[in-house]
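In what follows, a structure is listed as structure tokens, so that the remarks can point back to it.
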Ligand SMILES: Nc1ncnc2c1ncn2[C@@H]1O[C@H](COP(=O)(O)OP(=O)(O)OP(=O)(O)O)[C@@H](O)[C@H]1O
Ligand SMILES: [Mg+2]
């Protein structure tokens, strides 16, 4: 369960605090999927970074299955990010010098040895239709294929929370549709909490829970 209470975020600037997010309170249970839409600059990525424990809130709390990541020690926080959160960034951020299979395995290289990792990585790459691309480098892939590798990488540790920032942002309709279908398949299969930030109204509408970020506040808009 992801729980957000009274969350606010502001950035200090020379002209005073710049308020980005205010009074955010919501929770999502395992297996639930929510989309977040909102104008450019409204704070969608900022919110995902906070939920992924990459950036602290100014006030308020976040907890995932009862754990507040911002109350952890730096070492515990690193483990939390690695094991509890899968993040798909808009520009995939794959390592160019590594193969597809190696990129998916990157999150399993820290901490204790993960015995089944290579098998899981092959299984995930098979699920996203890249069984015959495992030895390719990212430069040898299409945009949609790269995004599918990023999805496999985000899920390799089987995290309870999956955060996606414009996962289909740079893709055309067909490739975006494929990535979205795989995203929802894997989400259902692994019963993650899924949060998707997107400008794509079709993708947003596929999530049973819908939020809109505007005027620093998050409004629930599903019927
Ligand atoms: N480190 C920072 N210091 C000051 N302001 C910041 C910082 N990071 C982000 N901002 C500001 O916070 C606001 C929200 O940024 P954010 O990236 O979350 O927007 P977004 O909704 O994801 O936009 P987009 O749809 O364009 O990706 C922006 O106005 C941005 O300029
Ligand atoms: Mg953004």
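Of all residues in the range 54-90, those satisfying the criterion of being within 16 Å of ligand 1 (Cβ to nearest atom), within 12 Å of the chain's Cα centre (by Cα) and under 26 Å from residue 18 (Cβ atoms) are 54, 87, 89, 90. The set of residues in the range 201-223 being under 16 Å from residue 41 (Cα atoms) and at pLDDT below 95 consists of 214, 215. Candidates 185, 135: the one that is more than 16 Å from ligand 2 (Cβ to nearest atom), in contact with a helix residue (DSSP H, G or I) (Cβ under 9 Å, 6 or more places away or on another chain) and outside any helix (DSSP H, G or I) is 135.
All conditions in (1) closer than 18 Å to residue 168 by Cβ; (2) without any contact (Cβ under 8 Å) to a residue 24 or more places away in the chain hold for residue 215, with the sole exception of (1).
Selection of the range 110-132 for residues being in a helix (DSSP H, G or I) and either over 24 Å from residue 75 (Cα atoms) or touching a strand residue (DSSP E or B) at 6+ places or on another chain (Cβ under 9 Å) (or both) yields 118, 119, 120, 121, 122, 123, 124, 125, 126, 127, 131, 132.
The condition (being within 16 Å of ligand 2 (Cβ to nearest atom), at positive phi and touching a strand residue (DSSP E or B) at 6+ places or on another chain (Cβ under 6 Å)) is satisfied by just one residue among 38, 52: 38. Scan the range 188-223 for residues that are touching a strand residue (DSSP E or B) at 6+ places or on another chain (Cβ under 7 Å), over 24 Å from residue 124 (Cα atoms) and more than 16 Å from ligand 2 (Cβ to nearest atom) and the total you get is 8. The set of residues in the range 144-170 that are within 16 Å of ligand 1 (Cβ to nearest atom), part of a loop (DSSP other than H, G, I, E, B) and either touching a strand residue (DSSP E or B) at 6+ places or on another chain (Cβ under 7 Å) or closer than 17 Å to residue 32 by Cβ (or both) comprises 166, 167.
The residue pairs whose first member lies in the range 35-57 and is under 19 Å from residue 201 (Cα atoms), whose second member is part of a helix (DSSP H, G or I) and at pLDDT 95 or above, and whose beta carbons are closer than 9 Å, counting only pairs six or more residues apart or on different chains, are 36/44; 36/47; 36/48; 37/44; 38/44.
The values are calculated or read from the model by the stated rules, or taken from the named source; none is laboratory data. Keep in mind the model is a prediction, meaning the values are calculated, not measured. Positions of Cβ are backbone-derived with ideal geometry, glycine not excepted, and every protein chain shown enters the neighbour counts.
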